[in-house]
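The values are calculated or read from the model by the stated rules, or taken from the named source; none is laboratory data. Just so you know, these numbers come straight off a predicted model, no measurement behind them. So basically every Cβ, Gly included, is an ideal-geometry build from the backbone, and we count neighbours across all protein chains shown. Calculation scope for accessible area: heavy atoms of the full protein, side chains included, ligands and nucleic acids excluded. Shrake-Rupley method; radii C 1.70, N 1.55, O 1.52, S 1.80 Å.
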Amino acid sequence: MVVIEWLGCRETSDYDIIKSLPEISRLREPNLILVRGPFGSGKSTLAKKLAKYFHTDDHYEADDWFWSYNTARKTYIYNFDGNELENAHDYCQWKIAHALACFSPFVICSNTNTDLWAMQPYFNMAETYNYHTTVINCRRQGQSIHNIFPDKLYKLHLKWEELAHGR
């Protein structure tokens, strides 16, 4: 397993973001990349850039569950519902398992995963399908689409569990 720390970068171009992670060019196929971090740390942005870099459509996150298309506005709308969180994570795990079973060379998952137990299903899937695993810890402080209160964000930071390198 490879564990990478990402503090973010000031630039937002694909090139600059990927350049801020020199380890990325050395990743081996097949690889399950887990992008983790608190709300607003840049997980989704980084995961989208990685998907583009690796030429894969296999980027999934629990947040996918909460997006719906509004035909009247002809746009996607994010509608978070905390009561649906378990379904959202189950759906994300199902999508990841499907991509691994189809032998996609790079599969990317971006979720908070602050607790190690939350990542365990992904580690198990990677082992089952014989994938390398890369974990990217996002440490950047930024804006969140979730409208999270500062005290909740602080609690999330407190419960962050470090992942030992070489696990």
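Looking at 72, 51, 101, which one is farther than 14 Å from residue 138 by Cα and open to solvent by less than 20 Å² (accessible area, probe 1.4 Å)? Can you show your working first?
On the way: 72 fails: open to solvent by less than 20 Å² (accessible area, probe 1.4 Å); 101 fails: open to solvent by less than 20 Å² (accessible area, probe 1.4 Å).
Every option except 51 fails the conditions.
What's the number of the condition residue 103 fails, among (1) within 17 Å of the chain's Cα centre (by Cα); (2) part of a loop (DSSP other than H, G, I, E, B)?
(1)
If a residue must be touching a Cys at 6+ places or on another chain (Cβ under 9 Å) and over 10 Å from residue 6 (Cα atoms), how many such residues does the range 18-35 contain?
Of the residues in that region, 4 qualify.
I'm trying to understand the selection: among the residues of the range 39-93, which are closer than 17 Å to residue 107 by Cβ, in contact with a strand residue (DSSP E or B) (Cβ under 8 Å, 6 or more places away or on another chain) and polar (S, T, N, Q)?
Once the filter is applied, which keeps residues that are closer than 17 Å to residue 107 by Cβ, in contact with a strand residue (DSSP E or B) (Cβ under 8 Å, 6 or more places away or on another chain) and polar (S, T, N, Q), the range 39-93 yields 44, 56.
Give just the number: which of (1) in a strand (DSSP E or B); (2) more than 15 Å from the chain's Cα centre (by Cα); (3) polar (S, T, N, Q) does residue 110 not satisfy?
Of the numbered conditions (1) in a strand (DSSP E or B); (2) more than 15 Å from the chain's Cα centre (by Cα); (3) polar (S, T, N, Q), the odd one out for residue 110 is (2).
Those residues that are open to solvent by 40 Å² or more (accessible area, probe 1.4 Å), among the aromatic types (Phe, Trp, Tyr) and more than 15 Å from the chain's Cα centre (by Cα), I need them from the range 54-69; list them, please.
Within the range 54-69, 67, 69 meet the criteria.
Check whether at least one residue in the range 126-140 is polar (S, T, N, Q), modelled with pLDDT under 95, closer than 20 Å to residue 17 by Cβ and open to solvent by 10 Å² or more (accessible area, probe 1.4 Å), and report yes or no.
no
What's the number of the only condition in (1) open to solvent by 60 Å² or more (accessible area, probe 1.4 Å); (2) over 16 Å from residue 56 (Cα atoms); (3) in contact (Cβ under 8 Å) with a residue 12 or more places away in the chain that residue 93 fails to meet?
It is condition (1) that residue 93 fails.
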